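Any read-out appearing in this document is the output of simple, stated calculations on the displayed coordinates, not a laboratory observation. Values in this document were obtained by computation on a predicted structure and should not be read as measured data. Cβ: placed from backbone, ideal geometry, glycine included. Neighbour counts: every protein chain shown.
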Number of protein chains: 2
Amino acid sequence: MAGEDIRQLFVCTRLWKIIMHYAKPLAKLVGEFEKLPGIGPKSAQRLAFHILRISEDEAKALADAVLNVKLYIKLCPVCYNYTDQDCCEICSDAKRDRSLVCVVSEPRDVVAMEKTNEFRGLFHVLGGVISPMDGVGPDMLKIRELLARVGDGEITEVLLATNPTIEGDTTAMYIARTLKERGFEGRISRIAHGMPVGSDMDYADQATLIQALQWRRDI
Amino acid sequence: MAGEDIRQLFVCTRLWKIIMHYAKPLAKLVGEFEKLPGIGPKSAQRLAFHILRISEDEAKALADAVLNVKLYIKLCPVCYNYTDQDCCEICSDAKRDRSLVCVVSEPRDVVAMEKTNEFRGLFHVLGGVISPMDGVGPDMLKIRELLARVGDGEITEVLLATNPTIEGDTTAMYIARTLKERGFEGRISRIAHGMPVGSDMDYADQATLIQALQWRRDI
């Protein structure tokens with residue numbers, strides 16, 4: 001039996017098992033919840049039974065929220081963060097420092113940075129990182145768009161805030177090199193790598209300790 | 001400040017924080033996901049970003065599934081399990097042993113029992129357990145309906161399969177006593193309490209070990 005056939009059979013058996021024990025609309029909802037990331041069969045059942053317990057209005061609020069993000073959320077044409085406006089609230093905020101742009105890989109990283117309340121510049125969301133293993137090359141990210149933004153001349157610092165992973169570091173290095181090749185004369189910085197606040201030297205992994213050594217500063 | 005005021009303020013601040021970092025429809029969806037049991041702020045964000053990544057059809061399938069359970073799922077008038085039929089599939093299955101009824105507290109317990117593929121009788125879902133702490137008395141459960149079913153004369157064994165907790169045991173005892181008072185002459189049984197299969201004597205809690213001793217059988 002080919003792999004696809006086995007997979008098909010597996011999905012059918014699994015689906016059949018769900019249908020066997022639940023009424024059909026309930027089986028369908030359990031199945032839909034199971035498709036979500038981090039939701040296993042047990043959590044999916046728990047969520048579905050929860051939906052049965054809440055009021056019709058509350059269930060409708062959830063269903064509408066799911067539909068509305070698909071209807072109204074799009075990418076900001078400047079920074080490629082999620083927005084429901086023509087241009088996102090950060091890009092159109094006059095109080096922001098327009099000379100500093102923070103490059104991140106995903107919209108959720110913008111949320112993380114914003115939560116610090118420390119960063120007052122703009123963002124640029126790449127939509128991923130360079131990853132030959134997953135077949136993601138520089139052309140599939142919003143790097144060309146970043147170069148165009150930087151080319152306008154308003155930006156004096158590009159802060160590369162991709163994750164401190166092999167892919168994130170590679171992407172940061174690639175962007176830094178490309179910016180220099182294109183003659184960008186502003187500052188190109190990288191978020192610091194080191195020990196997380198409140199962590200324990202004893203429990204830190206080797207790679208983090210090495211980075212914490214290399215990034216050390218005089219105090 | 002009264003407790004309710006503080007709670008209100010807390011909810012507002014929390015909501016405001018969500019709205020601050022996300023576009024509005026996205027903040028709404030994160031908020032809706034956070035209301036679900038077992039979903040914290042981080043998981044809610046992860047689920048919402050997942051919805052943004054999947055196709056519109058897939059999101060619609062989830063939203064429809066949520067709405068459809070509320071539209072089509074109701075309680076079976078015989079056993080009070082969830083169903084989308086006039087009478088649930090188990091109750092209307094002619095191959096089932098109609099002389100044996102298994103009493104459980106929640107619809108999810110029916111699913112658990114059905115998954116064993118061992119039980120061929122019918123069910124009766126109480127919709128909870130007797131719990132003075134939570135203000136749940138016998139009148140708020142489907143006990144009267146159980147007595148009426150048993151009164152029809154077809155049932156010769158009532159298997160009490162409420163959870164092996166104080167509330168579950170109390171509910172089982174109450175039903176057993178009431179059945180006897182009403183002159184039920186069939187068998188009244190209780191699911192066995194003891195060591196779970198594959199568990200370790202060394203790690204078992206005292207209450208379970210005591211039960212396992214008291215329920216011991218000659219082999």
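Listing for the model above:
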{"read-out": "Hz values of 3J(HN,Hα) by residue in the range B:107-113 - Karplus curve (6.51, -1.76, 1.60), Gly and Pro given as x", "value": "x, 5, 6, 4, 4, 4, 5"}
{"read-out": "Dmax and Rg, reported as Rg then Dmax, of the range A:145-205 (C-alpha, Å)", "value": "14.8, 47"}
{"read-out": "Rotationally averaged projected area of the range A:86-214 (alpha carbon convex hull; nm²)", "value": "9.3 nm²"}
{"read-out": "Neighbourhood net charge (9 Å Cβ-Cβ; Lys/Arg +1, Asp/Glu -1) for A:V78", "value": "0"}
{"read-out": "Taking chain A and dividing mean pair separation by its residue count, relative contact order in percent (alpha carbons under 8 Å, at least six apart)", "value": "12 percent"}
{"read-out": "Identity and axial distance of the chain B residue whose Cβ lies nearest the axis relating B to A, Å", "value": "B:A63, 2"}
{"read-out": "Rounded to 5, the percent of DSSP beta bridges in chain A classed as antiparallel", "value": "20 percent"}
{"read-out": "Across the identical copies, how the A:E56 labels are spaced - nm, sorted shortest first, 7 Å along Cα→Cβ", "value": "2.7"}
{"read-out": "In Hz, Karplus ³J(HN,Hα) per residue of the range A:191-203 (6.51, -1.76, 1.60; θ = phi - 60°; x = Gly, Pro)", "value": "4, 5, 9, x, 6, x, 4, x, 8, 10, 3, 5, 9"}
{"read-out": "Distance from the range B:81-154 to the range A:202-219 (C-alpha centre basis), Å", "value": "60 Å"}
{"read-out": "Relative contact order of the range B:153-192, pairs being alpha-carbon contacts under 8 Å that are 6 or more residues apart, as %", "value": "61 percent"}
{"read-out": "Under-5 Å amide H pairs with A:I39, H placed in peptide plane, nonlocal only", "value": "none"}
{"read-out": "Teacher prompt: A:E185 distances to equivalent labels in other copies, 7 Å Cα→Cβ, nm", "value": "10.6"}
{"read-out": "Degrees, to the nearest 10: A:56-72 long Cα axis against longest axis of chain A", "value": "40 degrees"}
{"read-out": "Counting DSSP beta bridges with both ends in the protein assembly as shown, the antiparallel % (nearest 5)", "value": "20 percent"}
{"read-out": "Rg ratio (alpha-carbon, reference 2.2 N^0.38 Å) - the protein assembly as shown", "value": "1.31"}
{"read-out": "Ellipticity estimate at 222 nm from DSSP helix runs (n ≥ 4, -39,500 (n - 2.57)) divided over the protein assembly as shown, nearest 500", "value": "-15000 deg cm²/dmol"}
{"read-out": "From phi via Karplus (6.51, -1.76, 1.60), per-residue ³J(HN,Hα) for the range A:116-133 in Hz, x at Gly/Pro", "value": "6, 6, 9, 8, 10, x, 9, 10, 9, 9, 6, x, x, 9, 5, 8, x, 4"}
{"read-out": "Ascending list, in nanometres, of distances separating the A:E118 label from those of the other copies (7 Å, Cα toward Cβ)", "value": "5.7"}
{"read-out": "Counting DSSP beta bridges with both ends in the range A:89-219, the antiparallel % (nearest 5)", "value": "10 percent"}
{"read-out": "For chain B, alpha-carbon Rg relative to the globular expectation (2.2 N^0.38 Å, N residues)", "value": "1.34"}
{"read-out": "Chain B: angle of helix B:24-34 to the longest principal axis, Cα-based, in degrees nearest 10", "value": "20 degrees"}
{"read-out": "Amide hydrogen neighbours beyond the local backbone of B:V136, cut-off 5 Å, H modeled", "value": "B:S131"}
{"read-out": "Cut-off under 5 Å, modelled amide H: who pairs with B:C102 long-range", "value": "B:L122, B:F123, B:H124, B:L159"}
